[in-house]
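Data block below; observations after.
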Amino acid sequence: MFDSMTNQMLWDATKETLYMVAISVGIAHIIGLPLGVLLTTTDKGHILQNLPLNKVIGAVVNVGRSIPFIILMVAIIPFTRMVAGTSIGTTAAIVPLTVAAIPFVARLVESALKEVDSGVIEAAQAMGSTPAEIIRKVLLPEAMPSLVLGFTLTAVSLVGFSAMAGAIGGGGLGDLAIRFGYQRFRGDIMLQTVVILVVLVQGVQTLGDWVSRRVNKR
Amino acid sequence: MIRLRGLYKTFEGKNQVHALRGIDLDIPKGQVFGVIGQSGAGKSTLVRCINLLERPTSGQIWVDDTEVTSLSSRQLRSARKRMGMIFQHFNLLSSRTAAGNIAYPLELAGADKTETKTRVEEMLKLVGLEDKAHAYPAQLSGGQKQRVGIARALANEPQVLLCDEATSALDPETTKSVLQLLKEINQQMGLTIVLITHEMPVIQEICDMVAVLEHGIIQEEGRVIDVFTKPKSQATRRMLQDTMEVRIPPDLLQRPEKSNGDCRRILKLSFVGPGAHEPLISDMVKRHPVNANILFGRIDQMKDIPFGMLLLEISGEADLVDQAVNYLQSQDVEVEVFQDV
């Protein structure tokens, strides 16, 4: 359908998108998961109840979530430069993507953990579990199906966000669509990137659903 | 074994709820101790106070000479490992198999792999679920889930088993088999069991001792056979009414056939233990020429002690009736004048 150079471009852009999304989903979970755990366990009546801490984390998370991504991306350019050494390119795009995803992940983890039956937590307490044991052996495994779905949702959202990162020269499919599809009037390339994005999202969602069903023993 | 002193629990909130209002209780070692009460009586709070899932507002709790109310959270965790607990809704980990659930407390206690494996197998065998080791809770019936719950509670060889409405979510048949299992465990291991329920038959089936709880206060306590055959408090009577007490059609009691100085009395006779075997009524009639008419009778078993109840109508000349009643009272049977007509 395309000449080999265009194909090469599409393939490279796809790889860049996958790279951005994979790394930022990963890092966002490394930071967002503990935050979500804290949000849940410090809440009223939970195992580590600490309302002031809960309020502070909740407020920070809400602020993070209410800033539109496109603005966040520009606003944290100094931070991006500090972390990635540059503010343009694929690696640089990972920084705002991750920062945007952390509060999102924290809320998703929180809602997944809140679904865990309080009776089960109580049984674990009655058996003499420490809070750390409850988190590790009860909360996380019991919430695993929801956590996997949350992980999937984050990945899908970040595919969309990563296209926006293209607007500031972040690379990836979004970048390609804007530079060639929009600015050079190559409707065919625009269409092709959209098709790849749809396939990507569909694939991630299907995989996530499948894994979630596999780990669901309820 | 378990000693509660001056236990109060008040739940703060819009409306203060006084769940427990001064509980003093001694639960001897190796006994099956039942706490019965209507919902809202505070019984669930009571049992949850024993392992401090609920912290009492005031009062002290001793378990096996340890004052649990004064323990640090680390000490409390290790004390909890010596107390098993089972729940109305089983509270199993849905992400673990039956074997995995039973292994949980062993993991907490730091048992190694082989130790855990043998212990889990032993426990599955004890509760009769050897073939369900790899089944997830969602694949088990209610009774099987509670058996897993029991196995999990007993895995660390606790001295006490707390049962919070453990059979209330089960059908009568399954309830029976679960109670049977608890009874066996109590006998084999000498485990102290504290069991709370709103179901009279549960107490009757397995408990040695019972406390009747109402409005956060213990109304009556003692051996099950004594409390149920000779209830002292209104609360107990009310509770007994549904299951044990007799209700005679009012017409029968008011039958107006008194004539020429004859006397008619309705007596309630309660037999406990071996007294139930004596041919009491026929002896009475042979000695004292009165008419005896049995209105109602039942025989039952309270744990292992047979007990019976008979509603007897005696009629005849007044002094003969008196003599007959005196005779009955001199025998190994509880006599209560149900109605003097």
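Can you quote the Å³ per residue value for the convex hull of the Cα atoms in the range B:107-158, rounded to an integer?
So the per-residue hull volume is 81 Å³.
Under a plain spin-label model, where a point goes 7 Å from the Cα along Cα-to-Cβ, how far apart in nm are A:V83 and A:N7?
Result: 3.7 nm between the two label points.
For each pair in A:K55/B:K81; A:K137/A:K217; A:K137/B:K113; B:K125/B:K145, compute the distance between the two Cα atoms and list the pairs where it is over 25 Å.
Over 25 Å apart, Cα to Cα: A:K55/B:K81.
Just grab the label-to-label distance for B:E107 and A:S111, each label 7 Å out from Cα along the Cβ direction, in nm (one decimal).
For the pair B:E107/A:S111, the computed spacing is 2.8 nm.
Rg (Å, one decimal) plus Dmax (Å, integer) for the alpha carbons of the protein assembly as shown?
34.8, 125
Using +1 on the beta carbon of Lys and Arg, -1 on that of Asp and Glu, and nothing else charged, what's the dipole of the protein assembly as shown about the Cα centre, debye to 20?
Roughly 2160 debye for the protein assembly as shown.
If I fit a long axis through the Cα atoms of helix B:172-189 and take the longest principal axis of the Cα atoms of chain B, what angle between them do I get, 0 to 90°, rounded to 10?
Once rounded, one gets 70 degrees.
Assigning unit charges at the beta carbon (Lys, Arg +1; Asp, Glu -1) and nothing else, what dipole magnitude in debye, to the nearest 20, does chain A show about its Cα centre?
The dipole magnitude comes to about 140 debye.
Taking only DSSP H segments of four or more residues, each worth -39500 (n - 2.57), what value at 222 nm results for chain A once the sum is divided by all its residues, to the nearest 500 deg cm²/dmol?
Taking each H run of at least 4 residues, the total per residue is -25000 deg cm²/dmol.
Dividing the alpha-carbon Rg of the range A:124-177 by 2.2 N^0.38 Å yields what?
My calculation over the Cα atoms of the range A:124-177 gives 1.90.
Helix B:318-330 versus the longest principal axis of chain B: what is the Cα-based angle in degrees, 0 to 90, to the nearest 10?
30 degrees
Working with all protein chains in place, sort A:M9, B:M302 by solvent-accessible area computed with a 1.4 Å probe, largest first.
Largest to smallest exposure gives the sequence A:M9, B:M302.
Using the basic label-point model (7 angstrom from Cα toward the beta carbon), what is the A:I71 to B:A169 distance in nanometres?
Calculated label separation equals 4.7 nm.
Taking Rh as the Kirkwood radius computed over C-alpha pairs, what is the Stokes-Einstein D of the range B:96-214 at 20 °C in a medium of viscosity 1.002 mPa s, expressed in µm² per second?
144 µm²/s
Please compute the length gained on full extension between B:D226 and B:K29, using 0.36 nm multiplied by the number of residues separating them and subtracting their Cα-Cα distance.
Extending this stretch completely gives an extra 69.0 nm.
Give me the compactness ratio for the range A:1-101, meaning the Cα radius of gyration over 2.2 N^0.38 Å.
1.43
Identify which of A:L149, A:L108, A:L51 has the largest mean-square fluctuation in a Gaussian network model of chain A, with springs joining Cα atoms closer than 10 Å.
Of A:L149, A:L108, A:L51, the most mobile in the Gaussian network model is A:L51.
Most mobile of A:V21, A:V116, A:V95 per a Gaussian network model of chain A (Cα springs, under 10 Å)?
Maximum among the listed residues: A:V116.
Taking GluC sites (Glu not before Pro) that fall in a DSSP loop and have at most 14 other Cβ atoms within 10 Å as cut points, what is the longest piece of chain B between them?
Counting only loop sites that pass the neighbour cut-off, the longest clear stretch is B:13-244.
Pick out, in residue order, every one of the trypsin sites (Lys or Arg not before Pro) in the range A:34-98 that is DSSP loop and has at most 16 other C-beta atoms within 10 Å; say none if there are none.
Answer in residue order: A:K44.
If I build a Gaussian network model for chain B, linking alpha-carbon pairs within less than 10 angstrom, which residue out of B:S73, B:S39, B:S58 has the largest mean-square fluctuation?
Sorting by GNM fluctuation, first place goes to B:S73.
Helix B:234-243: angle to the longest alpha-carbon principal axis of chain B, degrees 0 to 90, nearest 10?
With both axes taken from Cα atoms, the answer is about 90 degrees.
If you take the Cα Rg of chain B and divide it by 2.2 N^0.38 Å, with N the number of residues, what do you get?
Relative to the rule-of-thumb radius for its length, chain B sits at 1.22.
Within the range B:195-245, which trypsin sites (Lys or Arg not before Pro) sit in a loop by DSSP and count at most 16 neighbouring Cβ atoms inside 10 Å?
Those satisfying the criteria are B:K232.
The values are calculated or read from the model by the stated rules, or taken from the named source; none is laboratory data. Since the structure is predicted, the reported quantities are computational estimates derived from the model, not experimental observations. Don't worry about glycine lacking a Cβ; one is built from the backbone with ideal geometry, like all the others, and counts go over all protein chains shown. Calculation scope for accessible area: heavy atoms of the full protein, side chains included, ligands and nucleic acids excluded. Shrake-Rupley method; radii C 1.70, N 1.55, O 1.52, S 1.80 Å.
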